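Student: What follows is a single structure, and I will ask about it in a moment.
The values are calculated or read from the model by the stated rules, or taken from the named source; none is laboratory data. Note that this is a predicted model, so its numbers are computed, not measured. Backbone-built Cβ (ideal geometry, glycine too); neighbour counts: all protein chains shown. Side chains included, ligands, DNA and RNA excluded: accessible areas come from the protein's heavy atoms. Shrake-Rupley method; radii C 1.70, N 1.55, O 1.52, S 1.80 Å.
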Amino acid sequence: QNNLSGVHVTFCTELEVEIGKKQGFLHRKGQQFHWLNQKYSKFDDFLYSLASRKRKAIRKERRVANTFGGEIVWLTGGQIKLIDWIDFWSFYQDTSARKWGQPYLTKEFFINLHEFMRKDVLLIMCRRGGKNVAGALNFISNDVLYGRYWGCLEDHSFLHFEVCYYQAIEYAIKNKLSRVEAGAQGHHKLARGYMPVSTHSLHWVVDKNFKLAIDEFLQSERSAVDDENEILTNYGPFKKNFLEKSNE
């Protein structure tokens, strides 16, 4: 009715996929890396679930990261001040310039987060001498922590892993969240306990020839995603049979 070229439903459930396929939608499968909370009571419980070599590597990374000369703080709700967002905007610009060439979120976006969504945000900030030098932005739901952006004004060994991955795990354990979603890309997340999972989206395309070409591609892509997830899972850091026992 609106002469649109198509309709796209992102991050839908497997049940929604089955419903959508019956309506003529194409199914795309993607990959993200999630850390799952196996009812851990503390970070060391999580470490104990890992193979010895991986456990030692993480402990070393955390020791080195925390020698940057400052402190790491969790900020949410009223603990977040406007200056924290101004600083994080600087971090975000630096990361965007190095990764994507141009930042697409505006300073006003972060100010609006401060005004309207502080209670749903976790800022993990690195401070030294009273100033923020690095940080990560996370969004909090009832049961999940969504890690989204990281940035810094200084480079320190392993600080990115500490702030984005290990501190997020600590927060999830303390607040009894079921998982941390660290997003797509970055097989380096695997060694830090973030395992590959499949994500789903639905796509309805008007042009029949274009739809056919997309459908052929998505069929091969789904198979490739399944194969890669299986391979990466086998290379995960957990003790042998740990994940199988956890799923029972």
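Student: So, in nm, how far is label residue 12 from label residue 82 when the simple model puts each one 7 Å beyond its Cα toward the Cβ?
Tutor: Computed distance between label sites residue 12 and residue 82 equals 4.3 nm.
Student: Return the percentage of antiparallel bridges among DSSP beta bridges fully within the range 131-227, rounded to the nearest 5 %.
Tutor: Antiparallel: roughly 70 percent of the beta bridges in the range 131-227.
Student: Let me ask something additional. Rounded to the nearest 20 Debye, what is the dipole magnitude of the range 190-238 about its Cα centre when Lys and Arg each give +1 and Asp and Glu each give -1 at the C-beta?
Tutor: It comes to approximately 180 debye.
Student: Let me ask something additional. Accessible area of residue 95, 1.4 Å probe, to the nearest 10 Å²?
Tutor: 10 Å²
Student: Between residue 112 and residue 155, what length comes free when the chain is fully extended (0.36 nm per residue of separation minus the Cα-Cα distance, one decimal in nm)?
Tutor: Extending this stretch completely gives an extra 12.7 nm.
Student: A follow-up question, please. Longest span of the chain, sites excluded, free of trypsin sites (Lys or Arg not before Pro) in DSSP loop with at most 14 other C-beta atoms within 10 Å?
Tutor: Excluding the exposed sites themselves, the longest stretch runs over 82-175.
Student: Okay, next question. What percent does the relative contact order of the chain come to when contacts are Cα pairs within less than 8 Å and at least six residues apart?
Tutor: 36 percent
Student: Here's something else I'd like to know. May I ask you to rank 61, 228, 18 by accessible area, largest first, using a 1.4 Å probe over the protein chains only?
Tutor: 18, 228, 61
Student: Starting at the first residue of the range 42-50, write each ³J(HN,Hα) from the Karplus equation 6.51 cos²θ - 1.76 cosθ + 1.60 with θ = phi - 60°, in whole Hz, x for Gly and Pro.
Tutor: Working through the residues one at a time gives 7, 4, 4, 4, 4, 4, 5, 7, 8 Hz.
Student: Let me ask something else. Run through the range 111-189 and list the GluC sites (Glu not before Pro) located in a DSSP loop whose Cβ has at most 15 other Cβ atoms within 10 Å.
Tutor: Here the sparse-neighbourhood loop sites are 154.
Student: Want the number for residue 41 to residue 60: 0.36 nm per residue separation, take away the alpha-carbon distance, what's left?
Tutor: 4.7 nm
Student: Assuming R0 = 45 Å, can you tell me the calculated FRET efficiency for the pair residue 213 and residue 148, based on Cβ-Cβ distance, to the nearest 0.05?
Tutor: That gives a FRET efficiency of 0.90.
Student: Note down the net charge around residue 77, summing +1 for each Lys or Arg and -1 for each Asp or Glu among other residues with Cβ under 10 Å from its Cβ.
Tutor: +1
Student: In addition: Over all pairs of distinct alpha carbons, what does the Kirkwood formula give as the hydrodynamic radius of the range 114-198, in Å?
Tutor: One over the average 1/r among Cα pairs gives 13.6 Å for the range 114-198.
Student: Still on this structure: Treating the Cα atoms of the range 158-217 as identical point scatterers in vacuum, please give the log10 of the normalised Debye intensity I(q)/I(0) at q = 0.17, 0.30 Å⁻¹, two decimals.
Tutor: Evaluating at q = 0.17, 0.30 Å⁻¹ gives log10 I(q)/I(0) of -0.68, -1.28.
Student: Picking from 48, 166, 92, which is most flexible by a Gaussian network model of the chain using Cα springs under 10 Å?
Tutor: 48
Student: Hey, what does the equivalent ellipsoid look like for the range 1-113, semi-axes from the Cα gyration tensor as sqrt of 5 times each eigenvalue, largest first, whole Å?
Tutor: 36, 27, 15
Student: Scan the range 195-237 for chymotrypsin sites (Phe, Trp or Tyr not before Pro) in coil per DSSP, keeping those whose Cβ has at most 11 other Cβ atoms within 10 Å, and list them by number.
Tutor: Those satisfying the criteria are 235.
Student: Straight-line reach from residue 119: which lysines fall under 21 Å, measuring Cα to Cα and dropping same-chain residues less than 8 apart?
Tutor: Counting by Cα, and skipping residues close in sequence, residue 119 has these lysines nearby: 81, 107, 174, 176.
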